[in-house]
Amino acid sequence: MTTIRREMPAPQLDKAEFKRRYRARFYDPAFESMQVEIDRLADIAWGAYEDGRKSPRTQPAGAGFADPGYQLSIEWRETSQRVADAQRRQSDPSAAPNILLINGATRSEHTCPGESSKTWRLVSIARQIFARERDIEIQLLDLSRLASEYGRMIYPCKTCVSTAMPLCHWPCSCYPNHIWGRWATG
């Protein structure tokens, strides 16, 4: 018999703390005239948080799923389709070889200390070398955009598979759609 261990502290915030963190995004004095609107948005965001609406847009899973009536996230379905399409392209023997270069450094000249990272420079050299070859597609996944471009983030992997394989839902919600835009196109 498997023992399920539930011993970690609950991460649920109370309403006051949630709203304090939500409003912190609007610290800039330019937002002061919009406090009533921000408070209304905070109430909507609190409702979504409290109700656990992580996937607010869903549709029935449909044929091919164990439970065709299950309300599946539209974003997850689109991402899953992109991964499947990329797998078909990758498996096509007539397709040109595709190389994905990954700049894993979050630093760039747009963040501290004002100079491009060594990782970026190495990726640039690799791109130049591969570009000399014929019939090779080169793509770049530039993770420095996470620190320099507004609204970009990757949530850490929850390592679902390490505890229970059935809980892993690839493509994982840990990696938002903008990452799949590069990762799953080749």
**Asked** What do you reckon, is Ile138 part of a helix (DSSP H, G or I), over 30 Å from Ala66 (Cβ atoms) and β-branched (Val, Ile, Thr)?
**Response** no
**Prompt:** Got a sec? Which of Tyr49, Tyr70 is touching a Leu at 6+ places or on another chain (Cβ under 8 Å) and aromatic (Phe, Trp, Tyr)?
**Reply:** Tyr49
**Message:** Condition check: within 20 Å of the chain's Cα centre (by Cα) and among the charged types (D, E, K, R). Does Asp85 satisfy that?
**Reply:** yes
**Prompt:** Within segment 141-162, is there a residue that is surrounded by 15 or more Cβ atoms within 10 Å (Cβ to Cβ), at pLDDT 70 or above, in contact with a helix residue (DSSP H, G or I) (Cβ under 7 Å, 6 or more places away or on another chain) and closer than 26 Å to Ala96 by Cβ?
**Reply:** yes
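The values are calculated or read from the model by the stated rules, or taken from the named source; none is laboratory data. Note that the structure is predicted; figures quoted are calculated from it, not measured. Virtual Cβ from ideal backbone geometry, glycine too; neighbours counted across all protein chains shown.
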